[in-house]
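Written below as structure tokens is the structure these notes are about.
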Amino acid sequence: MSDTKITTNGVGAESAVASTAASGIGIESADKVERIRELIFGAQMREYGQKFEAANREIARLSREVERLSGQLRDQETAHKRQLREETERLAAQLHEQAQRQTQHLQELGTKQSQELTTVDQKQTQQIRHLDQLLHTTERDLSTQLRTLTEQLNQSKVDRTLLGELLIHVGTSLRTNDAAPLSDELDLLDQLELELR
């Protein structure tokens with residue numbers, strides 16, 4: 001029995017040594033695989049790593065550039081909006097000023113025309129009054145002359161037919177306000193006056 005134990009213990013010890021050797025071989029093979037991988041892919045992996053770092057740096061630079069350009073665009077947009085607002089306000093003020101000037105000009109023209117019309121109306125009114133006074137004066141003078149001649153005719157015996165015709169002509173002229181016949185009647189009156197003398 002003791003032999004069996006020794007054998008068993010010997011098998012156990014051999015197993016332990018074998019497993020230790022296998023694990024050592026496993027570590028060695030892992031190192032070897034890593035070294036082989038480093039030899040085959042190492043340069044490429046480093047190159048890819050450098051490319052990724054360069055790409056990351058470029059992306060960061062482009063992000064900063066985009067932010068800078070976005071800031072510039074915002075500033076330009078703000079400046080353009082301000083200029084547009086200022087230009088709009090300036091044009092609105094200019095249009096308002098022009099409208100005020102035109103309104104004032106139209107008011108001045110209206111006032112001037114109104115004054116001219118008033119002046120013309122006053123002149124026409126004065127002329128009408130003057131003509132009316134002249135007409136009244138002429139009628140009064142004619143009436144006075146007619147009365148004078150009538151009295152003279154009454155005092156002297158004049159032909160009644162001639163006197164009747166004269167009065168008919170004078171009445172007709174006065175009714176129609178015709179100037180030409182009045183001069184004829186005045187001629188007749190002058191003739192009668194000469195006869196009466």
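Every residue, every condition in (1) in contact with a strand residue (DSSP E or B) (Cβ under 7 Å, 6 or more places away or on another chain); (2) in the same structural domain as L174 (by TED's automatic domain parsing); (3) among the aliphatic types (A, V, I, L, M), yes or no:
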position: L106; (1), (2), (3): no, no, yes
position: Q113; (1), (2), (3): no, no, no
position: Q124; (1), (2), (3): no, yes, no
position: L142; (1), (2), (3): no, yes, yes
position: Q145; (1), (2), (3): no, yes, no
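Take Q115 and decide whether it is at pLDDT 85 or above and under 42 Å from the mean Cα position of the chain (by Cα). Explain how you work it out, then say what you get.
Working: at pLDDT 85 or above: yes; under 42 Å from the mean Cα position of the chain (by Cα): yes.
Here the answer is yes, as Q115 does meet what is asked.
The values are calculated or read from the model by the stated rules, or taken from the named source; none is laboratory data. Just so you know, these numbers come straight off a predicted model, no measurement behind them. Virtual Cβ from ideal backbone geometry, glycine too; neighbours counted across all protein chains shown.
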